[in-house]
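Accompanying notes for the structure given below.
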Amino acid sequence: MSDKSSGLKVMSWNVGGAKFLKLPKSSSSNDEHILDRHEFRRALNDRLEDLLTFYRPDFVILQEIVQYECNPNPFNLITRELDDYYYLPTIAIDTINQNHPAKWRPYRKKGKWSDEAYLAQGYGLLWKKNIKHCPIFWDFKDTTQLRSDYHLQVEIVHIDTGLYSGDRDTEPRLAVVAHFVVEAVDGPLDIFLINLHLTTLKGEREGVPTINNEGKNIREKQLDIIIDGIVARYNKWWNAKTREVNIKRHPLIWFLGGDFNCLPESSEIKKITDNDFIRLFSDNHPTKASGLGGKASITLDYIFAGLDKHSINDLLIMDDFKYKITDTSKTIIDCSMVSDHYPILVPRPY
C-alpha cells in the first residue's frame with residue numbers, strides 16, 4: 001500500500017478514552033488483554049502516531065479524550081509530542097463543573113482515583129503546524145489574526161439537553177468549531193471544522209423503539225442547532241461582512257465530523273444531506289465494534305462536507321481505510337485494542 005500523502009485529508013476517531021479512567025494504575029493481571037493506564041496511554045498514542053505518520057492527515061478530530069489528576073494543568077491522555085502537529089483539547093464534562101456522583105464515583109472506585117483527583121472528558125483537535133488559522137469572526141484585513149501557531153481559537157457551542165443528572169442520556173455535548181485558511185491555486189480557502197459527539201441513550205439499538213425514537217429526536221434537535229444555529233447563522237454573517245469590506249472569497253467549506261451515534265439510513269443523516277452536505281465516507285466500512293478487539297459491525301462515525309456542492313464536486317472516497325489497515329503481508333495499523341471505534345479518513349473535498 002502506498003503512502004497517501006497528497007491532498008487535504010481529514011480524520012475522525014472516537015478514541016474511547018473514558019475507559020482509561022477505569023483502568024488500574026498498574027496491572028496485576030497476567031492477561032495481556034487487560035491493560036493498565038500506562039499501557040493503554042502508550043498503546044493509544046502509538047496507534048495515533050502510526051496513523052499520523054502513515055496517512056499524514058491535515059486535521060484530526062478526536063472524541064472522548066480525557067484529562068486527569070491535576071487542575072488547572074491536568075495530564076492529557078494524548079501525550080505524544082508530535083513534530084508536525086499541534087494538539088488542542090476541549091473539555092465538555094469534568095469533576096468541577098458537572099460533579100454528579102453517579103458519573104464519577106464508578107471511575108474513582110474502579111480506577112482508585114483519590115477524591116481530589118480531577119477527571120474530565122471532551123474533544124481533541126490535531127492540525128498540521130504549517131496550516132494557518134484565525135478566529136471564527138475576523139475582519140479579513142488584520143493579517144495578525146491569521147497565524148500558524150498553537151494559539152488556535154475555537155468557538156464552543158453547547159448542544160446539551162438541560163441539567164446533567166449523572167447519566168449518559170443527559171451528558172453535556174458540544175460542537176467545537178475551528179477556522180483554518182488553506183492556500184489553493186486560485187486563492188485561499190476558508191475551512192471550518194465542527195467536531196461532534198452527539199447524544200446516545202442507554203438502551204438504544206437494543207430493540208426498544210420508544211428509546212430509539214427519543215434518541216433520534218434529541219439528535220435531530222442537536223443537528224438543528226448545528227445546521228441553523230452555527231452554519232447558516234455564520235454564513236449570513238460572512239456574506240454580510242464580505243460585502244461590507246468588499247472582499248471576494250471562495251464559498252466556505254464546512255466539515256461536520258465525529259461520532260453521530262446514528263445509523264446511515266437514519267432520519268438524522270437524511271437531515272444533514274437534505275441541507276446540502278455530502279457524506280464523505282461510504283456505508284461499506286462500519287466504524288463501531290461491540291467491544292475491544294472486535295470487528296466493526298455498524299456505522300456511527302461520519303464526516304460530511306458542504307454547503308456549496310460545486311466546490312466539492314471532485315470527491316474521491318478513500319476505500320482502503322478499514323477497521324484494520326493492512327498490506328499484503330502484515331497489519332500496519334491495528335486500532336482495535338484501544339477503542340471500539342475505528343478511525344475514518346477522507347481525502348480533499350475540492
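Observations
- Were the residues from Ala43 through Lys25 laid out at 0.36 nm apart, the gain over their Cα-Cα distance would be 5.0 nm.
- Between Glu265, Glu39, Glu155, the Gaussian network model of the chain with springs among Cα atoms under 10 angstrom shows the greatest mean-square fluctuation at Glu265.
- The chain: most fluctuating residue of Val176, Val185, Val245 per GNM, C-alpha cutoff 10 Å: Val185
- Per-residue [θ]222 nm for the chain (sum of -39500 (n - 2.57) over DSSP H runs n ≥ 4, rounded to 500): -6000 deg cm²/dmol
- As a proxy for reagent exposure, Trp138, Trp113, Trp237 were ordered by neighbouring Cβ count within 10 angstrom, fewest first; the result is Trp237, Trp138, Trp113.
- When the charge dipole of region 77-222 is built from unit charges on Cβ atoms (+1 for Lys and Arg, -1 for Asp and Glu) and taken about the Cα centre, the candidate among Phe192, Gln145, Pro101 whose Cα reaches farthest toward its positive end is Pro101.
- Multiplying the residue separation of Lys202 and Cys70 by 0.36 nm and subtracting their alpha-carbon distance yields 44.5 nm.
- Neighbour-count ranking [beta-carbon atoms within 10 angstrom, fewest first] of Phe260, Phe54, Phe180: Phe54, Phe180, Phe260
- Charge dipole (Cα centre; +1 on Lys/Arg Cβ, -1 on Asp/Glu Cβ; no other charges) of the chain amounts to roughly 280 debye.
- Orientation-averaged projected area, Cα convex hull of the chain (nm²): 18.7 nm²
- Within region 135-149: backbone nitrogen closer than 11 Å to the Ile247 label point (7 Å, Cα to C-beta): 135, 137-146
- Inter-probe distance in nm under a simple model that places probes 7 Å from Cα toward Cβ, at Ser290 and Asn239: 4.9 nm
- Residues whose amide H comes within less than 5 Å of that of Asn14, counting only those at least five positions distant or on another chain, are Gln63 (H built at 1.01 Å from N in the peptide plane).
- Tensor-based shape of region 221-280 (alpha-carbon gyration tensor, a/c under 1.5 rounded, otherwise prolate or oblate): prolate
- Percentage relative contact order, the chain, counting C-alpha pairs under 8 Å, at least six apart: 18 percent
- Since only Phe180, Tyr164, Trp127 are under comparison, the one whose Cα sits farthest along the positive direction of the charge dipole of region 71-183, derived from C-beta charges on Lys, Arg, Asp and Glu, is Tyr164.
- Cα-Cα over 23 Å, subset of Lys128/Lys236; Lys9/Lys288; Lys216/Lys236; Lys216/Lys288; Lys128/Lys271; Lys19/Lys221: Lys128/Lys236; Lys216/Lys236; Lys128/Lys271; Lys19/Lys221
- Contour excess over end-to-end distance, with Cα ends at Thr161 and Thr90 and 0.36 nm allotted per residue: 23.7 nm
- Using θ = phi - 60° in the Karplus curve 6.51 cos²θ - 1.76 cosθ + 1.60, the 3J(HN,Hα) couplings for region 286-296 round to x, 10, 10, 9, 7, x, 4, x, x, 7, 4 Hz; x is entered for Gly and Pro.
- Residue among Asn239, Ile65, Ser114 farthest towards the positive dipole end of the chain, charges placed on Cβ: Ser114
- Spherically averaged projected area of region 38-127 from its Cα convex hull (nm²): 6.1 nm²
Since every read-out is calculated from the coordinates, none of them should be taken as a lab result. Small disclaimer: the values here were computed from a predicted structure and weren't measured. Here the Cβ is made from the backbone with ideal geometry for all residues, glycine too, and neighbour counts use every protein chain on show.
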